[in-house]
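As structure tokens, the structure follows; a few thoughts come after it.
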Amino acid sequence: MDALDVMSTPVISVKPEMTVREVAKVFVEQRISGAPVVDAAGHIVGMISEGDLIHRTELDTDKPQRRGWLDLFSLNRDASEYVKSHGLRVADVMITDVVSVDETTPLGKVADLMETRRIKRVPVKRQGTLVGIVTRANLVQVLASMVEEPATLDAAPNDREIRAMLMGELAGRSWAFAGRNIVVRDGVVHLWGMFQSVDAVKAVLVAAEATPGVKRVEDHTESYPVFVSGL
């Protein structure tokens, strides 16, 4: 799936010349927590979110001025924070380093951008113009909308096929080392062997549960014994 398949449209956007209070009203009325800022031509020039509005002089939540010799190294930051907390227009408080994607960008890349850049929404463009927005909520909605279709009896894999699929999934993974064995009987996966890591056991359990045709998974694994010298 691509951004085009899940993006919200039309997009609620704001203008750089709008006041901070006007944007706050838009957030409340539209029940959103952020919006792209677009110019008259529809081009994205910034992003603004609730996080940009929480440290405001009107709320008495603006950060206090720094004092002491450290001010010599923080003048630029102090000035920026002052603009953020006292600026009256969207252009004063918006973030200009905007991360956006094309409508054909795969969802996997969109999710990676959200994680690495620590952002909650990504504007979607078509030929440079804003056409939609993908939020974290959109991705969760896609997951919630997926329907698990049970395999028909004719198409259900047999035990040997289930084991082969699971072994193939585990092949080459460092945590799925050779100290384990997998037995599949009547669609039930039995995990045997010794593991040094609880996380490794959990990862194998997850892989088994996600394998087509598996009815349930039974864990018979044991932890490696810990030998203490001198005892």
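The values are calculated or read from the model by the stated rules, or taken from the named source; none is laboratory data. This is a predicted model, so every value here is computed, not measured. A quick note on method: Cβ atoms are made from the backbone with ideal geometry, for glycine too, and the neighbour counts reach across all protein chains shown.
Of all the residues in the stretch 192-212, those that are modelled with pLDDT under 90, crowded, with 18+ Cβ neighbours inside 10 Å and not in a helix (DSSP H, G or I) number 1. Suppose the filter is modelled with pLDDT under 85, closer than 30 Å to G187 by Cα and not in a strand (DSSP E or B); does P150 pass it? So P150 fits the description; yes.
If the condition is being surrounded by fewer than 16 Cβ atoms within 10 Å (Cβ to Cβ) and either in a strand (DSSP E or B) or in contact with a Cys (Cβ under 9 Å, 6 or more places away or on another chain) (or both), then the stretch 1-38 contributes only T19. Listed by first and then second residue, the pairs linking a residue in the stretch 6-20 that is hydroxyl-bearing (S, T, Y) to a residue that is exposed (fewer than 15 other Cβ atoms within 10 Å of the Cβ), with Cβ atoms under 6 Å apart and 6 or more places separating them unless they lie on different chains, are T19/L88.
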